[in-house]
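Have a look at the structure below before the remarks.
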Amino acid sequence: MYDFDVHHGNGTEAILLNKSGAAFYSIHQYPCYPGTGSRHIGDNCFNYPVAPHTGRAEYRRVLNSALEQLQKFKPDLVAVSAGFDAYARDPLAQETLEAEDYYWLGESLRKLGQPLFSLLEGGYSDDLPELVLTYLRGVEGK
């Protein structure tokens with residue numbers, strides 16, 4: 001599971017914690033609701049906290065670091081918790097990503113070469129439809 005929602009996936013983490021054959025990679029703003037995810041836990045839950053107002057280049061570096069670890073895990077299937085609330089103009093968080101970062105993220109996930117599916121987690125900007133479409137274009141390679 002690869003989770004790029006701006007909030008820590010504490011529920012998913014609780015379900016997957018120490019489950020054989022599964023791994024959880026959560027990239028999220030910290031501190032931020034729910035206030036969890038400051039460190040890796042168990043054998044398979046890896047947290048990548050990002051400070052509020054982190055620059056786009058650094059945020060991408062963190063996203064990529066988690067992707068590299070996911071690739072090393074060699075999953076048969078990648079489930080993606082796709083949250084678009086790290087967007088610069090999202091009203092609920094304080095991050096800096098732009099539409100092209102979501103395209104890059106979709107493209108990067110496609111390049112893993114594994115089957116994947118995405119579940120919409122969040123995003124509260126009026127730009128959400130365009131952000132989702134941009135991400136999906138990256139996933140599709142268009």
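We did not get these values from a lab; they are worked out from the coordinates using the rules stated. These figures come from a predicted structure and were not determined experimentally. FYI the Cβ positions are ideal-geometry reconstructions off the backbone, even for glycines, and counts take in every protein chain you see.
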Worksheet item: Projected onto the charge dipole of the stretch 2-140 (+1 at Lys/Arg Cβ, -1 at Asp/Glu Cβ, origin at the Cα centre), which of G55, S38, G83 gives the Cα projection farthest towards the positive end?
Response: S38
Fill in: Ordering of 77-87, 53-63, 98-108 by burial proxy (mean other Cβ atoms within 10 Å per residue, highest first)
77-87, 98-108, 53-63
Response to the item:
Scoring the chain by relative contact order with C-alpha pairs under 8 Å, at least six apart, yields a percentage of 23
Fill in: Charge dipole magnitude, Cβ of K and R +1, D and E -1 - the chain, Cα centre, debye nearest 20
520
Discussion item. Quick check on the chain: of the DSSP beta bridges with both residues there, what percent are antiparallel, nearest 5%?
Written reply: 5
Worksheet item: Roughly how many whole Å is it from the C-alpha centroid of the stretch 39-63 to that of the stretch 67-106?
Response: 11
Item to complete: May I ask you to list the lysines whose Cα is less than 21 Å away from that of K142, ignoring any residue fewer than eight positions away on the same chain?
Response: K111
Practice prompt. Would you calculate, for the chain, the mean residue ellipticity at 222 nm contributed by helices, counting each DSSP H stretch of 4 or more residues as -39,500 (n - 2.57) and dividing by all residues, to the nearest 500?
Written response: -11000 deg cm²/dmol
Discussion item. At a threshold of 8 angstrom on Cα-Cα distance, excluding pairs fewer than six apart, so keeping six or more, what relative contact order does the stretch 58-113 reach in percent?
Written reply: 30
Practice prompt. Pop the C-beta distance of S20 and A88 into the FRET formula with R0 = 41 Å and round what comes out to the nearest 0.05.
Written response: 0.60
Response to the item:
So, over other residues within a Cβ distance under 11 Å of R137, counting Lys, Arg +1 and Asp, Glu -1, the net charge is -2
